[in-house]
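Written out below as structure tokens is the structure these notes cover.
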Amino acid sequence: MRYALRKIATMFITLFFVSVIVFFSFSLIPGSPAMNKLGTEATPESIKALEHEMGLDRPVAERYGKWLLGVVRGDFGKSYSYNQPVTKLIADKLGATLLLSVMAIAITILVSIPLGIFMARKSDTKLDIFLSGFNQLIMAVPSFFSGILITLIFGVVLRVFVPGGYISYKTSLIRCIGYLVFPAFAIALPKISMVSKLLKDTVMAESGKDYVRTAYSRGNRTKSVFYKHVLFNALIPVITFLGMAFADIIAGSIIVEQVFSVPGMGRILLSSISGRDYPVIEAIILLLAFFVVLSNLIVDLLYHKFDPRINV
Amino acid sequence: MDKSKKSKFITGLVITGIIVLLTLWGMIKTPYDPYAMDSGAKFAKVSFSHFFGCDQFGRDVFSRVLIGIRETMFIAASVVFIGVFFGTILGMITGYFGGWLDEILMRFNDAMLAFPSILLALVIIGIFGPGKYQLIAALGIAFIPSFARVVRGEVLKIRNLDYVLSVKLYGASDLRILVVHILPNLKTVLLSTVIIGFNNAVLAEAGMSYLGIGVQPPEPSLGRMLSEAQAYIYTSPMSAIFPGLVIVLMILGFSLLGDTVGKKH
Amino acid sequence: MLKVEDLNIKINDRRGNTIPVKDVDFEMDRGDILGIVGESGSGKSMSALAIAGLLSRHDMEKSGHIIFEGVSLLNCPRKVLRKIQGYEISMIFQEPLTSLNPIRRVGWQVEESLRIHTTMDKAERRERALKALADVELDDPEAVYNSFPHELSGGMRQRAMIAAAMISEPRLLIADEPTTALDVTIQAQIVELLKKINRERGTAILFISHDLSLVNTLCERVIVMKDGLVVESGICEEVFNNPKEEYTKGLIAAIPKNPFSERK
């Protein structure tokens, strides 16, 4: 319990750092957002007036404090280009991105762990050599390319789904999931390869350890030696790796959203980057960071539960 | 080196060799002008005159892929160079001198590492704006922390080796020890990190260009070609498949080499 | 009870053929304590593992007979062997830390044989485990039961291993260098504990060691092995005081002598 509290505290400290870095780096950019908004034709007076209206004439620290207070209450300020509160702008986009990420994570776990176990049990057979080679290849396929291949195979040739035919989870959650399965697989594929390979390697390493011999000496069947002794030990390094993979998956979903035209945070982030809409960029980066740190926290706690040797 | 490792190494070497040859080809001359549009050759099929066919403007895909490989290699090399250069300096200073500077930089480093590098690069692009050189800077900066960490760990080990301690006794300056005695010892660990870094850079560049915030049109880039071809996936899927396959080959080759050249601990 | 006849073990691996165990013969009765001594590589551990049914590498050939209570362990079906393993024959090992599963509580591991071989319920198993832990002279069985292996000291871990091995009241306990990884004082305590177990419950003990003096304090009979062969065997005292083989003399000479105490 104390461990969990300390981890949660660390999480908020990290987020605080991220918020400082993000906010201040965007304030350091030369050129006034007010000028960007009004165009080069604007008079100095009108720029000044707009800056005042946007609160840009206040000191950076004061603006940061105000922004942070807002963020804590769920208010990320106002978008420069849409004239709307950022929160309203990204609320339902966040849902799509989160649903996609969670599905990708779920697929990664559900496929890679049985696959890794299967590969370990078949180790040194032809099938294992084939799967290992196949894994190596899959790891080299970037998710946006596998996304295009999936679109081509399942969308264009087999017509299992309509490319670009995203249905909002508000309309129908089931149909939304039915569509998101494809991008989620594209994101999950390289991770599945990595995790299953890692699990196979750790199972092989654990199988040679002394406690496995002890387990056999007590009359355990091979199956119980594997499921009661080896597997959980082998999963410990896998959990650590999954923690890092989750961060990649959340970041990766931004790219794959584009492949499948999912109206998530990816699209609005990209348009805000080209439109220099800083409040939106800041909000999205901070939110993504929050989910990355949160997933790391969950993994840390899981890890703690699995491995009693960790007491720090 | 056992048998499977050897065959992995050779496969990696062959694939990387092909990529290097294609890069050189792209540097010297391409079969067609990669920018020349030819409405007659619109969506031309794969043939001897157009190895990879033509795109929606009738541009020769193979020539564009050659330029794309060249660009990707250039960007990835620059990114790795920035990462290695600053990462090594940072890692050497913090690892060798330790103290509060080390503390602060490493805490900062940890915070950066907790962040996926793509996300970090997106923040920096957000600040600099989209473009090829902005992309190099963004990815380069995003890569510094991981290099710094590897170098720092190695310097910590080397710094306490007997011979470094004895050189110090003879009155060698810190700078001399760092440059003459420690730097050459970083070679092996840097080699595998550079290969892995190069791989990540290729992947990140392709991803960013795919998103349209990397290399800007009309300049061809592998990632950009993918996103452009995607719009015509019903009529001409090959224009998307070839650039994609080239990206896969680049990453596969480097990762096979990276797996076999010096194990990362 | 246990009869080993013409035991040969042959390994065919990449480096060619090696025969770590050659024509080993010996017998044990109920309640016997037999020591096997030899240097590392003499085949003593390999023989012990063969008896415990723990040699199943596919590059290995085993011939001869191991008869335990009328059952031929070398060529019986695995199902029959498993019924004996951990129930009638138990084994403890050199490294108690690595021989325990690091992420399972000690109690769970002590009870494991009961879970596999009996139909006892949770409460019964727990009761038996606590008794087994108390029997190996652990001060606070309850605390040990709920600990993880890394939380115990080396001596405590080996006691827990012994408790796990003895919980099913086996007829034969195979102890493969059980004290080598421990401090000298703890070594003596563990040897005393094994003696007590033998005395009070009549469990036969096959004690494998490289330390002839330790074997002498515990065992009645001893077998000396070298390069896979039995070079000498007999009553412990006799072998110790009157070795026939040069090799055995060498082993005795290698025992560090305590200059302040006279040997018996």
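The values are calculated or read from the model by the stated rules, or taken from the named source; none is laboratory data. Source: prediction; values computed, not measured. We place every Cβ from the backbone using ideal geometry, glycine too, and count neighbours over all the protein chains shown. Accessible surface is based on the protein model in full, side chains and every heavy atom, while ligands, DNA and RNA are left aside. Shrake-Rupley method; radii C 1.70, N 1.55, O 1.52, S 1.80 Å.
Summary of computed values
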{"read-out": "Residue check for B:ILE125: touching a residue at least 12 places away in the same chain (Cβ under 8 Å), open to solvent by 60 Å² or more (accessible area, probe 1.4 Å) and within 25 Å of A:LEU269 (Cα to Cα)", "value": "no"}
{"read-out": "Residue pairs meeting the criteria (Cβ under 6 Å; at least 6 apart or on separate chains; first free of Cβ contacts under 8 Å to residues at least 24 places away in the same chain, in the stretch C:236-247; second open to solvent by 20 Å² or more (accessible area, probe 1.4 Å) and outside any helix (DSSP H, G or I))", "value": "C:GLU245/C:VAL231; C:TYR247/C:LYS226; C:TYR247/C:VAL231"}
{"read-out": "Test: A:PHE145 is within 14 Å of chain B (Cβ to nearest Cβ), part of a helix (DSSP H, G or I) and surrounded by fewer than 22 Cβ atoms within 10 Å (Cβ to Cβ)", "value": "no"}
{"read-out": "Identity of the residue in the stretch A:62-91, surrounded by fewer than 11 Cβ atoms within 10 Å (Cβ to Cβ) and more than 30 Å from A:TYR169 (Cα to Cα), that ends up modelled with the lowest pLDDT", "value": "A:GLU62"}
{"read-out": "Where A:SER123 falls short, out of the listed (1) part of a helix (DSSP H, G or I); (2) in the same structural domain as A:TYR278 (by TED's automatic domain parsing); (3) not charged (D, E, K, R)", "value": "(1)"}
{"read-out": "Wholly enclosed helices (runs of 4 or more DSSP H) of the stretch B:117-213 bearing at least 3 residues polar (S, T, N, Q)", "value": "B:187-211"}
{"read-out": "Qualifying residue in the stretch B:149-170 (condition: away from chain A (no Cβ under 14 Å), polar (S, T, N, Q) and open to solvent by 30 Å² or more (accessible area, probe 1.4 Å))", "value": "yes"}
{"read-out": "Test: residue in the stretch C:184-199 that is in a loop (DSSP other than H, G, I, E, B), open to solvent by 10 Å² or more (accessible area, probe 1.4 Å) and either on the phi < 0 side of the Ramachandran plot or not hydrophobic (A, V, I, L, M, F, W, C) (or both)", "value": "no"}
{"read-out": "Residue satisfying condition, being part of a helix (DSSP H, G or I) and either touching a residue at least 60 places away in the same chain (Cβ under 8 Å) or under 26 Å from the mean Cα position of the chain (by Cα) (or both), within set A:PHE16, A:PHE76", "value": "A:PHE16"}
{"read-out": "Residue satisfying all of: in the stretch A:207-246; open to solvent by less than 10 Å² (accessible area, probe 1.4 Å) and away from chain C (no Cβ under 12 Å); farthest from the chain's Cα centre (by Cα) among these", "value": "A:VAL238"}
{"read-out": "The stretch A:155-196, subset in a helix (DSSP H, G or I) and of a type in the set (Ser, Thr, Tyr), residue surrounded by the most Cβ atoms within 10 Å (Cβ to Cβ)", "value": "A:SER196"}
{"read-out": "Residue satisfying all of: in the stretch A:235-289; of a type in the set (S, T, N, Q) and assigned to a helix (DSSP H, G or I); farthest from A:ALA34 (Cα to Cα) among these", "value": "A:THR240"}
{"read-out": "Test result for B:SER239, more than 9 Å from chain A (Cβ to nearest Cβ), at pLDDT below 90 and farther than 11 Å from B:GLY68 by Cβ", "value": "yes"}
{"read-out": "The stretch C:89-120, residues that are out of contact with any helix residue (DSSP H, G or I) (no Cβ under 9 Å at 6 or more places or on another chain) and either at pLDDT 95 or above or assigned by TED's automatic domain parsing to the domain that holds C:GLN189 (or both)", "value": "none"}
{"read-out": "Single unsatisfied condition, A:LEU297 versus (1) without any contact (Cβ under 8 Å) to a residue 60 or more places away in the chain; (2) assigned to a helix (DSSP H, G or I); (3) more than 10 Å from chain B (Cβ to nearest Cβ)", "value": "(1)"}
{"read-out": "Unmet requirement for A:ARG58, which otherwise passes all of (1) open to solvent by 50 Å² or more (accessible area, probe 1.4 Å); (2) more than 14 Å from chain B (Cβ to nearest Cβ); (3) at pLDDT below 80; (4) assigned to a helix (DSSP H, G or I)", "value": "(4)"}
{"read-out": "Test: residue in the stretch A:214-234 that is within 27 Å of A:GLY133 (Cβ to Cβ), without any contact (Cβ under 8 Å) to a residue 40 or more places away in the chain and not in a helix (DSSP H, G or I)", "value": "no"}
{"read-out": "A:ARG276, sole failed condition from (1) within 18 Å of the chain's Cα centre (by Cα); (2) in contact (Cβ under 8 Å) with a residue 40 or more places away in the chain; (3) surrounded by fewer than 23 Cβ atoms within 10 Å (Cβ to Cβ)", "value": "(1)"}
{"read-out": "Hits in the stretch C:183-217 - residues which are hydrophobic (A, V, I, L, M, F, W, C), within 18 Å of C:ALA48 (Cα to Cα) and within 13 Å of the chain's Cα centre (by Cα)", "value": "C:LEU194, C:ALA204, C:ILE205, C:LEU206, C:PHE207, C:ILE208, C:VAL215"}
